[in-house]
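Have a look at the structure below, then the notes.
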């Protein structure tokens, strides 16, 4: 899997809104201001996903995820995200009201 997705995203963001509106410093400040407040939320999601796949019942899925991360398959990232979404669907970090009703 390529590890340049963040760079690609930031480039698109910069070319979409950055050069005409802001300096690099202002752009970086805006990105930082958007990322820092959400870090705790995203870390909780990551912890939930990791915990889900560390369960012995998920051994086969965990092994497949490890293979995908090491593969050169262009669809590997999408396949890993499918595992992430499934873990969050089955064990959401934040409960919803429909579980209470």
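So is residue 66 at pLDDT below 90 and assigned to a helix (DSSP H, G or I) or not?
no
Of 38, 29, which residue is farther than 17 Å from residue 93 by Cα, free of Cβ contacts under 8 Å to residues at least 12 places away in the same chain, out of contact with any helix residue (DSSP H, G or I) (no Cβ under 7 Å at 6 or more places or on another chain) and assigned to a helix (DSSP H, G or I)?
Matching residue, one of 38, 29: 29.
Restricting the range 69-84 to residues that are touching a helix residue (DSSP H, G or I) at 6+ places or on another chain (Cβ under 9 Å) and assigned to a helix (DSSP H, G or I), which is nearest to residue 42 (Cα to Cα)?
Per the stated criteria, the residue is 84.
The values are calculated or read from the model by the stated rules, or taken from the named source; none is laboratory data. What you are looking at is a predicted structure, and each value in this text was computed from that prediction instead of being measured. So basically every Cβ, Gly included, is an ideal-geometry build from the backbone, and we count neighbours across all protein chains shown.
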